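Shown next, in C-alpha cells, is the structure this report addresses.
Coordinate-derived values only; no laboratory data. Remember, it's a predicted structure, so these values are computed and weren't measured experimentally. Using ideal geometry, Cβ is built from the backbone for each residue, glycine included, and neighbour counts are taken over all protein chains shown.
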Amino acid sequence: MAFLINEECINCGACEPECPVEAITAGEEIYEIDPSKCVECEGHYDEPQCAAVCPTDACVPDPDHPKS
Ligand code: SF4
Ligand code: SF4
C-alpha cells in the first residue's frame with residue numbers, strides 16, 4: 001500500500017513536511033515517495049496528506065503497491 005508522485009509534480013515541496021512517516025523526498029527531477037515507508041497515512045490522518053496538500057494532484061495511489 002503506497003502512494004506515488006507522478007509527472008504532474010511541480011516541485012513545490014508542500015507534501016514533504018506533511019508526511020507522518022517521512023516517506024517523501026526530493027528526487028532528481030520531481031519529489032518521490034518511498035513505497036516501503038508510505039502507509040497511506042493510515043493511523044495518522046483521515047486522508048493521505050500528500051494528496052490533500054498537493055496543488056497539482058500529483059500524489060495518487062500506486063497500482064504497483066496496492067493495499068494488501
Ligand atoms: S500517503 Fe501519507 S504516508 Fe504516504 S507518502 Fe503521502 S503523506 Fe506520506
Ligand atoms: S505537493 Fe505535489 S507538486 Fe508539490 S512537491 Fe509534492 S507532489 Fe510535487
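Dipole size in debye (nearest 20) for the chain around its Cα centre, Lys and Arg Cβ +1, Asp and Glu Cβ -1? The partial results should precede the final answer.
Numbers: 2 positive and 16 negative charges, 32 e Å.
Taking the Cα centre of the chain as origin, the dipole is about 160 debye.
Per 10 Å bin from zero, what fraction in whole % of the C-alpha pairs of region 1-62 is there, up to the bin with the longest pair?
Taking all Cα pairs of region 1-62, the binned fractions are 26, 63, 11, 0 percent.
Contour minus end-to-end for residue 57 and residue 29, with contour as 0.36 nm per residue of separation and end-to-end as the Cα-Cα distance?
Details: separation 28, 0.36 × 28 = 10.08 nm, distance 1.69 nm.
Stretched fully, the residue 57-residue 29 segment lengthens by 8.4 nm.
Amide H neighbours of residue 4 under 5 Å, counting only residues 5+ apart in sequence or on other chains, H built in-plane at 1.01 Å?
Long-range HN contacts for residue 4: 60, 62.
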